[in-house]
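One structure below.
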Amino acid sequence: MRSQGRPFLNCRMPINNISHHKFALHCFFKNKSRKVSSMLGLMMKTPLTVTSILRHASTYHGETEIVSRTVEGPMHRTSYAEVWKRSQKLANALKRFGLARGDRVATLAWNTWRHVELYYGVSGSGFVCHTINPRLFKEQIAYIIKHAADKILFADLTFLPILESLAPQLKKLKAVVIMTDADHMPKSAVLPKLLCYEELIDEENDEFKWPDLDENLACSLCYTSGTTGEPKGALYSHRSSVLHAMGIAVPDVFNLTSASVVCPIVPMFHVNAWGIPYVAPMVGAKLVLPGPKLDGASLHQLMSDEGVTFTAGVPTVWLALLDWLDVEKKTILTLKRVAIGGSAAPLVMLQRFAARGITVLHAWGMTETSPIAIAGSLLGRHEKLSESEKLALRSKQGRPLFGVEFLVVNDDGVPIKNDGVAFGALYVRGPWVAASYFKSKDKSAFARKGWFHTGDVVNVDADGFFKIVDRTKDVIKSGGEWISSIELENIAQAHPAIKEAAVVSKPHEKWDERPVLVAILKPNATFTKNEMVAHYKGKIANWSIPDDVIIVEQLPHTATGKLLKTEIRKMVIGKI
Ligand code: ADP
């Protein structure tokens, strides 16, 4: 007999949902006398939980590999079936700490299989997996641990110095667990009671009775990097995480299948690695995790050895990888698509990938939008465009995913024209968009009822492609006109002398603000103010050309890899 194929996620067999059926019939008869419009559908209400994702992967893609570069050094290979078992061991171990439903369990960890186990073991137990970004300032980490009221902290070996410096703040925790085995356990005079991950789960049963969870319960927590004010928490639900993963799997977004080999370079502590630890097991893709090594040579080796077809990360990581590939005259033969987001991907970056036969998928999102909400796949009718026209279109952030809705309004609150020129403030809503911040009184971003104010300024063209003009706080207001710092950075980035560029405003008596270019040059390159003006001429209006260029050795970045404009403005004011 021919096989009927594999079940869809969330269709479990055998089906035993008599109670849902009875409930639906009850509603049907109860509603019979009412208007037809109030009639409920007669479908099951199987909850959308992240637990169901790993269960599905273990059952139907059990042998598919999860390969990690370990913090301890060597490569580690496991499978969905094995990680499913180990996440149950972990869930059994967690029971010993007497946590209550909804309690936060924090991680300070790289992308590895142990972190995947925590994602599922913690959330599936009914607790909240709180991923902390180790690149935040120590004070911010302390603030976040206290604000989230974390009960247990799991940390990679790398972060022992951070843990030790936070020792007084960790006293309230029930446990601090180092994600390693007994052989690699560190000794710490400051933190004598550290537990060992492998020892913690070793003796536990690999079967756990997962609790029945309402899909609207919280499953994970991630704080924004707090470049303005204290970090704010986005509290994702099981339902929002599953829907987001389904939303990004589709061909026009990440285009993932069981044949894909997926390598998230974006860290699992940055908005759940853009949903990849959920979507990869959902579709049964092989998962390749880079651990702590994100330099060009390590990424090239990992992706080539494991046959990676799809990867995702912020522009700064790709800049380093592309430079390394250029110097070494190498490429990654299996790599087909790179998702870039977090900050604008400059056109030159798309060109450099295209020259290697790799397509860039530009994507836009925020911690508050889980994060993916816009992705830059072309439409069918764009096939006939030239390669350079296609690249120009791909350098826009792209089109909204199904499920997410946008509103773009000008200063008067009127929706803008979709002509690719008019711009306005971007609002978003949808089932994977935050409705409020965790334990926060700050409701300002939610002031327009039912919408979240992104703080970004965009234009939209007739094909529905969104282009991020700037963040409201970074746009340069010169003589009543707006200058996009992103556009000026992208143009600068295309100059052969420039390695990385930032454009910020400096105060100006007559024009209020004027743009200044701050750049890191490539080795042995030079770049004068005259060369800068010549480079910009003809590409933008003359009055938007930066007034000055400042050459620096380094540019400051946020904990999520974005240019830290507040600091760069200070640098500019100090130098002019
Ligand atoms: P934070 O760094 O404050 O934690 P997020 O990581 O959530 O915040 O960043 C969200 C912001 O990043 C967006 O509002 C937008 O300004 C910027 N961003 C994200 N993706 C892109 C992109 N593809 N192009 C330009 N800007 C982007």
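Among the listed pairs K473/K565; K390/K467; K473/K529, which are separated by more than 18 Å between their Cα atoms? Over 18 Å apart, Cα to Cα: K473/K529.
The modelled label-to-label distance for the pair L42/D181, using points 7 Å beyond Cα in the direction of Cβ, is 5.6 nm. Any idea what % of Cα-Cα pairs in segment 73-228 are farther than 17 Å? Of all Cα-Cα pairs in segment 73-228, 61 percent lie more than 17 Å apart. I want the local charge near K565. Using Cβ-Cβ distances under 13 Å, sum +1 for each Lys or Arg and -1 for each Asp or Glu among the other residues. Spelling it out: positives minus negatives among the neighbours equals +1. Please compute P(r) over all alpha-carbon pairs of segment 284-334, binned at 10 Å starting from zero, and give each bin as a whole-number percent. So the P(r) values, bin by bin, are 24, 62, 14, 1.
Ranked by how many other Cβ atoms sit within 10 Å of their own Cβ, fewest first, the residues I372, I416, I540 fall in the order I540, I416, I372. From the P(r) of segment 397-487, can you give the percent of Cα pairs sitting at distances over 19 Å? Tail fraction, whole percent: 43. Two decimals is fine: what is log10 I(q)/I(0) at q = 0.22 Å⁻¹ for segment 474-575, from a Debye sum with one equal scatterer on every Cα and no solvent? Calculated log10 I(q)/I(0) at the listed q: -1.22.
Computed over neighbours whose Cβ is under 15 Å from that of T78, the net charge equals -2, Lys and Arg +1, Asp and Glu -1. Applying a DSSP loop filter and a limit of 12 other Cβ atoms within 10 Å to the trypsin sites (Lys or Arg not before Pro) in segment 184-232 leaves K187, K193, K209.
Taking the alpha carbon gyration tensor of the chain, multiplying each eigenvalue by 5 and rooting it gives semi-axes of 40, 30, 25 Å, largest first. Spin-label pair S298-V250: with each label point 7 Å from Cα along the Cα-Cβ axis, the two points sit 3.6 nm from one another.
Summing +1 for each Lys or Arg and -1 for each Asp or Glu among the other residues whose beta-carbon sits under 13 angstrom from that of Y278 gives +2. In plain terms, the residue of W511, W364, W318 with the fewest other Cβ atoms within 10 Å comes first and the most crowded comes last, giving W511, W318, W364. Each of R356, R86 has some number of other Cβ atoms within 10 Å of its Cβ, and from fewest to most they run R356, R86.
Each label was represented as a point 7 Å from its Cα along the Cα-to-Cβ direction; for K174 and R77 these points are 3.7 nm apart.
Rounded to two decimals, the Cα-based Rg/Rh of segment 165-223, with Kirkwood Rh, is 1.07.
Here's how it looks for V288: its modeled amide H is under 5 Å from those of V67, V262, C263, which are all 5 or more places away or on a different chain.
Packing order of peptides 463-469, 385-391, 561-567, highest average first: 463-469, 561-567, 385-391 (average count of other Cβ atoms within 10 Å over each peptide's residues).
Its relative contact order, with pairs defined as Cα atoms under 8 Å and 6+ residues apart, puts segment 474-575 at 26 percent.
Per residue of the chain, the DSSP helices (runs of n ≥ 4 H) give a summed -39500 (n - 2.57) that works out to -9000 deg cm²/dmol at 222 nm.
Coordinate-derived values only; no laboratory data. A quick note: this is a predicted structure, and the numbers were derived from the prediction, not measured. Because the Cβ atoms are built from the backbone with ideal geometry, glycine has one as well, and the counts that use them run over all protein chains shown.
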